[in-house]
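Below: one structure, written as structure tokens.
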Amino acid sequence: MLKNKINEKKYIERRAEIIAELDALIGVSETEQRAFNEEEQKKYKDLLTEIKDVDAMLKVAEETRAIQDMQPIKQAGEEGREEIETRAFAAYLRGKMTEERADQNLTLTDNGAIIPKTIANKIIEEVKEMAPIYENSRKFNIKGDLVFPVYDDSEQEIITEYADEFQEPESTAFGINSVTLKGYLSTTLCKISKSLVNNSDFDLVSYAVSKMAESVAKFMRRELIHGKEGKMTGLMSTTNIISTALPNVITLDELIDIQLEIPQVLQSKCVWIMSKNTLKAIMKLKNNDGNLLLNSDITKAFGNELLGNKIYIDDLMPDIEAGSIPIIYCDLSGLYVKVVETPTIDVLREKYATQHAIGLNVWLETDSKVVEPQKIVVLKMAAEAAGK
């Protein structure tokens with residue numbers, strides 16, 4: 001056991017003081033629009049040397065604690081990188097970042113600033129949490145067009161047969177189409193009160209990340225469900241459709257039909273996607289004796305699964321009405337999604353000045369296509385009652 005302990009608190013406090021002194025020193029230079037004089041330059045170098053010494057001691061303290069606790073040591077520079085990028089991003093949002101300081105892991109461009117990698121990763125991770133459809137799709141973050149084959153074996157299946165050496169196998173005819181994941185520019189706008197921006201004690205970066213992720217997640221959910229003609233393609237573009245007999249009622253038989261439309265080998269990863277109102281209607285299905293059809297075991301939680309598969313509730317799904325598609329049943333890996341994870345951001349300061357707010361305009365490159373249609377089926381309500 002190591003008996004001597006380093007006073008981390010003292011070094012952490014001193015580190016904060018050094019950063020404050022550096023900010024004040026740089027602030028004077030920027031305000032007066034001049035380079036450091038000889039005295040300021042010496043002080044700047046001395047502060048940089050001291051902060052390196054402080055960081056070295058903090059690293060020793062962390063390694064010592066890791067040995068004592070038998071825990072792995074963090075990668076060198078990992079925490080420092082995130083701290084630097086967070087501070088630089090906060091300064092940019094508050095309007096304090098100038099081109100002279102743009103080398104602090106924040107790249108300024110004609111279209112705004114490229115969001116630092118650690119911040120972009122946080123946004124993407126929160127989007128995944130808020131949009132399980134995106135989280136469970138097959139994702140790509142490669143620039144440029146991506147072309148994928150789509151096999152149509154509905155008329156002629158691919159056959160495996162015995163073969164002999166030196167004998168040509170017979171070819172099997174089946175259709176092959178292709179789809180291309182392009183890069184459609186999308187923009188997300190959210191507003192933040194200047195009262196929060198101007199509060200130096202407020203965690204502006206975490207709040208901004210949450211707001212941007214919330215907006216991006218809603219966009220991704222909408223497009224991955226519905227899509228837009230000429231842009232991203234959603235789950236509802238599948239040609240595998242089961243129709244109901246009535247325009248405003250779903251039966252248990254129809255739920256079984258849609259589930260069994262997916263091959264058995266793919267069932268384990270399938271999920272139901274529907275609105276809360278659709279789930280409510282299904283939960284109330286009863287047999288001739290007035291008993292609920294889908295809740296025979298009262299010891300299990302109801303609402304998370306339907307016929308053994310998980311349910312995703314999404315308010316962007318249509319409710320039950322004539323001609324609508326209220327239910328999607330799918331293995332989401334059949335939907336291919338491209339998001340180039342180098343988002344850029346514009347801070348709109350003047351546009352919302354009269355609202356005492358700033359706007360955050362986030363730009364992404366996205367696309368989506370159904371590449372494995374056999375994994376996706378939808379339930380479509382009849383346009384009108386039979387016989388009318």
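Read-outs: derived from the displayed coordinates by stated rules, not from any lab. The structure displayed is predicted, hence computed values, not measured ones. Here the Cβ is made from the backbone with ideal geometry for all residues, glycine too, and neighbour counts use every protein chain on show.
Using per-residue counts of other Cβ atoms within 10 Å, averaged over each peptide, order 42-48, 312-318 from highest down.
Answer by packing, highest mean first, reads 312-318, 42-48.
Between R94 and K128, what FRET efficiency comes out of the Förster formula 1/(1 + (r/R0)^6) with R0 = 35 Å and r the beta carbon distance, rounded to 0.05? Walk me through the numbers on the way to the answer.
Details: r = 28 Å, r/R0 = 0.80.
Efficiency, from the Cβ-Cβ distance: 0.80.
A simple count of charges around G359, restricted to other residues whose Cβ falls under 9 Å of its Cβ and scoring Lys, Arg +1 and Asp, Glu -1, yields +2. Applying both filters, DSSP loop and at most 13 other Cβ atoms within 10 Å, to the trypsin sites (Lys or Arg not before Pro) of the stretch 177-270 gives K228.
Using Cα pairs closer than 8 Å and at least 6 residues apart in sequence, work out the relative contact order for the stretch 240-363, in percent.
Working: 145 pairs, mean separation 32.4, N = 124.
Across the stretch 240-363, relative contact order equals 26 percent.
Proximity of backbone amide H atoms, modeled 1.01 Å from N, is registered between A357 and K194 at under 5 Å, excluding neighbours fewer than 5 places apart on the same chain. Residues whose amide H comes within less than 5 Å of that of G227, counting only those at least five positions distant or on another chain, are G234 (H built at 1.01 Å from N in the peptide plane). Can you give the local net charge around I242? Use residues other than it whose beta-carbon is closer than 9 angstrom to its beta-carbon, Lys and Arg +1, Asp and Glu -1. Net charge in that neighbourhood comes out at -2. Residues in the stretch 230-238 carry Karplus couplings, in order, of x, 10, 5, 10, x, 4, 6, 7, 4 Hz; the curve used is 6.51 cos²θ - 1.76 cosθ + 1.60 with θ = phi - 60°, and Gly or Pro positions show x.
Karplus-derived 3J(HN,Hα) values for the stretch 368-379, using 6.51 cos²θ - 1.76 cosθ + 1.60 with θ = phi - 60°, are 8, 8, 7, 9, 10, x, 5, 9, 9, 9, 10, 9 Hz; glycine and proline are entered as x. For the pair Y184 and K228, label points projected 7 Å from Cα toward Cβ lie 0.6 nm apart. Place a label point 7 angstrom from the Cα of K191 along the Cα-to-Cβ direction, then list the residues of the stretch 345-388 whose backbone nitrogen is under 14 Å away. Hits in the stretch 345-388 for K191 at 14 Å: 348-361.
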